[in-house]
């Protein structure tokens, strides 16, 4: 765009309307607009190709094109050029439809003056410029997110081996020397071992979080009943220790990733065991069909969640218990959210302190056949 002049391509077959618009633009401050006329769509598209205008002023009814198709062909010729549609009183709905599909503005013939015309053209150019900048910013943010995720994954992965060695040395130190030195030494060993285990859990769960790419939808089908059965088998020791009962209803086959669904159920069951109340733990898992999705519920009778925590628990590193009574890195439910969103669903919780929690999430119905 020239600093002193906006290049306008006018595609209008009515000579009287074209002349009127030319006169209106001439009334504006000298040099504000320069006009290239075209009376047919084909001529206008050729002009766009030869010299890109700053804005197109487009009549939707032309000898070689009419209706929304006229706008679509201009818009697809160069999506970087803003389009202002010209329409009659009887065609405002058509103009609105053009705006819904990408036009920047529309003007009604017979209701235009020079100031309105000039303002509409300038605003169209400015809005287009802002949209381009927003798209470029969004692209940069996506690239930055990818780089940050890759860095975090590599960093966490590279931490595993030295952390494993540190943990191994601390466990050997505990087994060999615990009780053979003074109480302070035992306390230091126990504390170091505890924090090393917590760091291991944090890195391991961070890696689990980063492995789930929500931008890549899963392919194939997954049996939720099998996923639950595998999750229960994995947690068998903890379930027995807590003397928990797990009731599983009829569960569907869904469009999804079987391993990630096992991880999802395992995390929710493990949370129910970890945050249990004084009552024997009971976990109910069920599903019901809702149009093209299944809503699955994992309900427990544990300690529940305070109202102020409900909106925060799915954020990464947000722990359910800030006072540290329960060992939790705060990434498990964030991984659950990431898994569900990768499957095109959503996850939420209904809970109150002392009344347990019901985690609901949606999954897509497996395609027939």
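Remark: the residue 355-residue 226 segment gains 43.6 nm on full extension, using 0.36 nm per residue and subtracting the alpha carbon distance. Label sites at residue 248 and residue 112, each approximated as a point 7 angstrom past Cα along Cα to Cβ, lie 6.8 nm apart. The simple spin-label model puts a point 7 Å past each Cα toward its Cβ; for residue 99 and residue 76 those points are separated by 2.4 nm.
If I take R0 = 35 Å and measure r between the Cβ atoms of residue 90 and residue 134 in this structure, what FRET efficiency does the formula 1/(1 + (r/R0)^6) give, to the nearest 0.05? Calculated transfer efficiency: 0.50.
Given R₀ = 41 Å, FRET efficiency for residue 219-residue 167 by Cβ-Cβ distance, to 0.05? Walk me through the intermediate numbers first.
Details: r = 37 Å, r/R0 = 0.90.
Efficiency for this residue pair is about 0.65.
Each peptide among 180-188, 49-57 gets the average number of other Cβ atoms lying within 10 Å of its residues, and from highest to lowest they stand as 49-57, 180-188. Using a Gaussian network model on the chain with a 10 Å cutoff between Cα atoms, which of 301, 271, 14 fluctuates the most? Largest GNM mean-square fluctuation: 14.
Using Cβ contacts closer than 10 Å as the measure, can you line up 75, 157 from fewest to most?
Details: 75 18, 157 13.
With the fewest neighbours first, 75, 157 line up as 157, 75.
Quick one: grab the alpha carbon gyration tensor of segment 6-112, order the square roots of its eigenvalues as a ≥ b ≥ c, and give me rounded if a/c is under 1.5, else prolate or oblate depending on whether a/b is larger than b/c. Rounded, since a/c falls under 1.5. Checking (i) 34, 23, 21; (ii) 63, 26, 18; (iii) 36, 34, 19 against the coordinates, the calculated semi-axes √(5λ) of the Cα gyration tensor in Å falls under label (ii). The GNM of the chain, with springs linking C-alpha atoms under 10 angstrom apart, assigns the highest mean-square fluctuation among 20, 163, 193 to 20.
Just so you know, all these numbers are worked out from the coordinates, no wet-lab data involved. No experiment lies behind these values; they were computed from the predicted model shown. Counting neighbours? That spans all protein chains shown, and the Cβs are built from the backbone with ideal geometry, glycine included.
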